[in-house]
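These notes concern the structure reproduced below.
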Amino acid sequence: MIAAEPKASIKGGEFLIKETEASQVFIPEEFTEEQQMIAATCREFLEREIWPRLNEIDNAKSPELISSLMDKAGELGILGTSVPEEYGGFGTNFNTSMLVAEVTGAGHSFSVALSAHTGIGTLPIVYYGNEDQKSKYLPKLASGEWKAAYCLTEPDSGSDANSGKTKATLTEDGKHYVLNGQKMWITNGGFADVYIVFAKIDADKNLSAFIVERDYEGITMNEPEHKMGIKGSDTRQIFFNDTKVPVENLLSERENGFKIAVNILNIGRIKLGIAAVGGSKEVINNAVRYANERKQFKTAISQFGAIKHKLAEMALKIYASETASYRAGQNIDDLIEDLKSQGMDDAKAKLKALEQFSIECAIMKVHGSEALDYVVDEGVQIYGGMGYSADAPMDRAYRDARINRIFEGTNEINRMLVVDMLLKRAMKGELDLMGPAMAVAKEIMSIPDFSSDEEEGIFIAEKKVLRNLKKAALMVAGAAVQKFMLTLSNEQEILMNVADMAIEIYVAESVLLRVEKLIGLKGEEAVALQKQMALVYLHEAVEKVNSAGRAAVTSFAEGDELRGMLMGMKRFTKIEPLNLKDARRQIADAMIEENKYIF
């Protein structure tokens, strides 16, 4: 039996080797009345200011409209949720800021502008700014008086962020840094008042970060980019030509910029994942309503099994991604409070906690963005011909969703990061992955244990399935490490296979734990549909883990080793059959009856 750990001692990535109890996880049903009121404020803002103007936002010829809408969001306090109270914000905890990101995630182009401002634009100053910088910039950023943008990417520097060529040189009098370089894909670039700019000072190996104000001399920009989607988001190339930046605007320490970029991207990743959940919920609401209204053969198409299958699968992915995101968010909050209780200051505690759960942040970015892509694609299909029409909502949803698999590091990069971070922590002794992996390797060669479990409780059989899925992932990862050693980083296909196994395990476990906790709170009968969702998702996760595991081992193992590992995959991906069709129909029927997503 894998030992359970108290909340404060849970580490990032440990889900692969330790068992979590339902009592240890946060579930969305536990949001307080105050948090729900914040969410309602955000939802009302979308309904009143954003959704009626989506066409106007997308067709705007200048950034003034988005900027004015940001002003209105600032008046409601939406821009200040993550800014400490002493600087004019609300200083909410991390999961509350996640809830804001989820709800506003249904705002299409506006949500991109909002998240860029509140996240990567403002948080570098929140976490790394000195007192003077915080006092000067944060009150105006929290109120919306000033807007923020983040300038990292360059024409030849995307995923390899530290290879940027923008340079900073100290003036002879030591009072300014002179910036020269080009940045691209800068969200909010056309109307931002403050830019977080990354550049290398002289011949430094690593980036440094600077707070640059719009009215500094030498800043020019191109016209807005023409994009496939998020057309209302102002995206520019920005040029710095002998731009003088006061030395006091160096953010944090010299050469600390790359670390700032990485840590801020951790936040951006999990926030993007939960924002995708918010977008997905709006899409499925539209899809359910249209399926109930659209008739073919004198019958609403919602009554056809093929449509029910689509609606159920959409709901499953949304529910699962939401569940796992808030589980990770609460782990971050718990560690922040634990570190603060030990005397660490607020900003350092938040950075340390986010770094600790960077694996889960990457997992949720991938899962959330791909869930949204699935949901919008099936949304188009449910709408049929109207789905392809720009007069119906799926056109915009489909186009706007696609960027999310590229934003905040491509999903391929994030998959490889998941495995890379796990292995690095194992090598540092922070995670004991190899011990369990070696135990699994021995288990493959032993006679299977057919004795019956004597445990009692909810999901006993399903938790055994999860333990076996973890063994499958450890088996594949351990064998790959032994096979390739230091050259494993070159085997990107295998890394992505292992990442897919880890992602599905984390999310499937999260859903089971959420439903188990709900059953404890409300009783099994009251959450019968959610139980079906947990079981169906687990069955699907087993198939995905099996497929990814087989793809990995057949790409590097041969002969007896291959046969042994394939036997291990078969043993570790067994699950009792379930009538998935009926389960999905029950899930879909409940939404069809209520004419919306109900979970």
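Every number here is computed from the coordinates shown, using simple stated rules; none is lab data. The model shown is predicted, which means the values in this text are computed figures rather than measured ones. All Cβ positions, glycine included, derive from the backbone under ideal geometry; neighbour counts span all protein chains shown.
For the range 30-147, what is one quarter of the convex hull surface built on the Cα atoms, given in nm²?
Numbers: hull surface 28.1 nm².
If I average the Cα hull's projected area over directions, I get 7.0 nm².
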From the cross-link list LYS11/LYS352; LYS18/LYS365; LYS231/LYS281; LYS72/LYS365; LYS531/LYS570, the entries with a Cα-Cα span beyond 18 Å are LYS18/LYS365; LYS231/LYS281; LYS72/LYS365; LYS531/LYS570
Over the Cα atoms of the chain, Rg to Rh with Kirkwood Rh, two decimal places? 0.97
Ellipsoid equivalent to the range 336-411 - semi-axes via the Cα gyration tensor, in Å: 40, 11, 10
By how many degrees, 0 to 90 and rounded to 10, does the Cα axis of helix 460-484 deviate from the longest principal axis of the chain? 60
Each label sits 7 Å from Cα toward the beta-carbon; between GLU44 and GLU558 the label points are separated, in nm, by 6.9
Roughly how many Å is it from the Cα centre of the range 301-357 to that of the range 10-64, as a whole number? 10
Summed residue charge, Cβ within 14 Å of SER135's Cβ, Lys/Arg positive, Asp/Glu negative: -2
For PHE304 and MET221 in the same chain, what is the full-extension length gain: residue separation times 0.36 nm, less their Cα-Cα distance, in nm? 24.7 nm
Alpha carbon convex hull of the range 258-413, volume per residue in cubic angstrom: 108
Given R₀ = 45 Å, what would the calculated FRET efficiency be for LYS348 paired with MET567, taking r from the Cβ atoms and rounding to 0.05? 0.40
Distance histogram in 10 Å bins (all Cα pairs of the range 150-257, percent per bin): 16, 49, 28, 6, 1
Rounded to 5, the percent of DSSP beta bridges in the range 150-257 classed as antiparallel: 85
Quick one: helix 492-522 against the long Cα principal axis of the chain, what's the angle to the nearest 10°, folded into 0 to 90? 80
So, by mean Cβ neighbours within 10 angstrom, what's the order for 356-363, 64-71, 140-147 with the highest one leading? 356-363, 140-147, 64-71
Rounded to whole Å, give me the distance from the Cα center of the range 115-134 to that of the range 383-452. 29
Under a point spin-label approximation (7 Å from Cα along Cα-to-Cβ), what is the LYS442-PHE297 distance to one decimal in nm? 5.9
Work out, step by step, the length gained on full extension between SER389 and GLU430: first 0.36 nm times the residue separation, then minus their alpha carbon distance; give nm to one decimal. 9.5 nm
Phi-based couplings in Hz for the range 94-106 (Karplus 6.51, -1.76, 1.60; Gly and Pro marked x): 5, 5, 5, 5, 5, 5, 4, 5, 5, 5, 6, x, 8
Go ahead and run the numbers for FRET between GLU576 and GLU525, Cβ-Cβ distance against an R0 of 22 Å, rounding to 0.05. 0.50
Taking only the alpha-carbon positions of the range 157-205 as identical scatterers, the Debye log10 I(q)/I(0) at q = 0.16, 0.21, 0.22, 0.26 Å⁻¹ comes out as -0.54, -0.85, -0.90, -1.07
